[in-house]
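Chemist: Sharing a structure below in structure tokens format, with a few things to ask.
The values are calculated or read from the model by the stated rules, or taken from the named source; none is laboratory data. Bear in mind that the values here come from a model prediction, so they are computed numbers and not experimental data. Cβ coordinates were reconstructed from backbone atoms using ideal geometry, including for glycine residues, and neighbour counts include every protein chain displayed. We work out accessible area using only protein heavy atoms, side chains counted, and drop any ligands, DNA or RNA first. Shrake-Rupley method; radii C 1.70, N 1.55, O 1.52, S 1.80 Å.
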Amino acid sequence: MPTAILIIDMLNDFFLDGRLKERRKELCEKINELIDWGRQHNVKPIWVRQEFKEDLSDAFLSMRKKGIRKTIEKTEGALTLDELKSNEGDLEIIKKRYSAFYKTNLEEILNETRIKQLIFCGINTHACVRMTAIDAFQRDFEIIIATDCVESYDEEHHHVTLRYLGKEIARLLDNDQIMNKDFA
């Protein structure tokens, strides 16, 4: 089944402190492992990045109200972590909300390339991963959450979200399980 790997919001601004900073090395290693496997099996990565204008005019309401300045365009904070293996020519989606489908061309790209299955990596499991997975499910894509490759700054919400998504929306598989499946 034609498959793509979505790598969501692995951006500098999100790994400055706390749980994500602590989990950065292991998370990046697991994502790179999956990307390497994907490239060998014609499973292309799609990089999804949240990015906002300096004046926050395109940011969500709570960011504007509180003056939260994360992932601002043309700053280091909005860039993908250096240790992740992106290649020139990889697809990239810039999003303005939690879901990578909201007002982007992601659905069009997936349909044009006949992708039917998505493997999810990235952060935050309880927010952007969850919203994108639900939107993909509502568009009839098969969903796999790479459990080694997703994380949240909030551990409790991470686990609750995996339990929720695993009931009917997605298959929860670790890298070993994914790499031992036939994706042809």
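Chemist: Can you give the FRET efficiency to the nearest 0.05 for residue 12 and residue 168, using r as the Cβ-Cβ distance and R₀ = 35 Å? Intermediate values should be presented prior to the final figure.
Modeler: On the way: r = 34 Å, r/R0 = 0.98.
Efficiency for this residue pair is about 0.55.
Chemist: For the chain, what's the relative contact order in percent, using C-alpha pairs closer than 8 Å and at least 6 residues apart? Let's see the in-between values first.
Modeler: Details: 327 pairs, mean separation 50.6, N = 184.
With pairs under 8 Å counted, the relative contact order is 27 percent.
Chemist: I've got another one for you. For residue 19 and residue 138, calculate 0.36 nm times their separation in residues minus their Cα-Cα distance, and state this gained length in nm to one decimal. Please list the in-between numbers first.
Modeler: Numbers: separation 119, 0.36 × 119 = 42.84 nm, distance 3.05 nm.
Net length gain for the segment: 39.8 nm.
Chemist: Which one of 62, 12, 125 has its Cα pushed farthest toward the positive end of the charge dipole of segment 1-140, where Lys and Arg give +1 and Asp and Glu give -1 at the Cβ?
Modeler: 62
Chemist: Another question, if that's okay. Which label belongs to the value computed from this structure, given these candidates for Kirkwood radius over Cα pairs in Å: (i) 16.5; (ii) 18.0; (iii) 20.4?
Modeler: (i)
Chemist: Would you mind checking the tilt of helix 18-40 against the longest principal axis of the Cα atoms of the chain, expressed as 0 to 90 degrees and rounded to 10?
Modeler: 40 degrees
Chemist: Now a separate question. How charged is the neighbourhood of residue 52? Take every other residue with its Cβ under 15 Å from the Cβ of residue 52, and add Lys/Arg as +1 and Asp/Glu as -1.
Modeler: Numbers: positive: 49, 53, 64, 65, 66, 69, 70, 74, 95, 96, 97, 103; negative: 9, 13, 51, 54, 55, 58, 73, 76.
Residues close to residue 52 contribute a combined charge of +4.
Chemist: What are the ³J(HN,Hα) values, in whole Hz, obtained from phi via the Karplus relation 6.51 cos²θ - 1.76 cosθ + 1.60 with θ = phi - 60°, for each residue of segment 43-58 in sequence order, with x given for Gly and Pro?
Modeler: 10, 7, x, 10, 8, 10, 10, 7, 7, 10, 5, 3, 7, 6, 5, 10
Chemist: As I understand it, the value is the acute angle between the Cα axis of helix 155-168 and the longest principal axis of the Cα atoms of the chain; what does it come to in degrees, rounded to 10?
Modeler: 40 degrees
Chemist: Estimate the FRET efficiency between residue 82 and residue 60 by the formula 1/(1 + (r/R0)^6), using the beta-carbon distance for r and 25 Å for R0, to the nearest 0.05.
Modeler: Efficiency, from the Cβ-Cβ distance: 0.40.
Chemist: Over the heavy atoms of residue 113, what accessible area does a 1.4 Å probe trace out, to the nearest 10 Å²?
Modeler: Around 70 Å² of this residue is reachable by solvent.
Chemist: What does the charge count around residue 146 come to, taking other residues whose C-beta lies under 12 Å from its C-beta (Lys +1, Arg +1, Asp -1, Glu -1)?
Modeler: Details: positive: 30, 171, 181; negative: 33, 148, 151, 174, 176.
Net charge in that neighbourhood comes out at -2.
Chemist: Quick one: of the DSSP bridges fully inside the chain, what percent are antiparallel, nearest 5?
Modeler: Numbers: 1 of 27 bridges.
Taking every DSSP beta bridge within the chain, about 5 percent pair in antiparallel fashion.
Chemist: While we're looking at this one, here's another question. Can you compute the FRET efficiency between residue 75 and residue 26 using 1/(1 + (r/R0)^6), with r the Cβ-Cβ distance and R0 = 25 Å? Round to the nearest 0.05.
Modeler: Working: r = 26 Å, r/R0 = 1.03.
So, using R0 = 25 Å, E works out to roughly 0.45.
Chemist: Out of residues 5 or more away from residue 59 or on other chains, whose amide H comes under 5 Å of its own, with H placed 1.01 Å from N in the peptide plane?
Modeler: For residue 59, the qualifying residues are 53.
Chemist: Let me ask something else about it. Under a 5 Å amide H to amide H cut-off, with H placed in plane at 1.01 Å, what residues pair with residue 171 once short-range neighbours are removed?
Modeler: 143, 144, 145
Chemist: Leaving out ligands, DNA and RNA, what percent of the accessible area of the chain is carbon and sulfur, probe 1.4 Å? Show your work: numbers first, answer last.
Modeler: On the way: 4450 of 9730 Å².
Ligands and nucleic acids excluded, carbon and sulfur give 46 percent.
Chemist: Additional query: Just from its helices, what would the mean residue ellipticity at 222 nm be for the chain, if runs of 4 or more DSSP H residues each count -39500 (n - 2.57) and the sum is divided by every residue, rounded to the nearest 500 deg cm²/dmol?
Modeler: Values: 6 runs with 64 residues, N = 184.
The per-residue figure over the chain is -10500 deg cm²/dmol.
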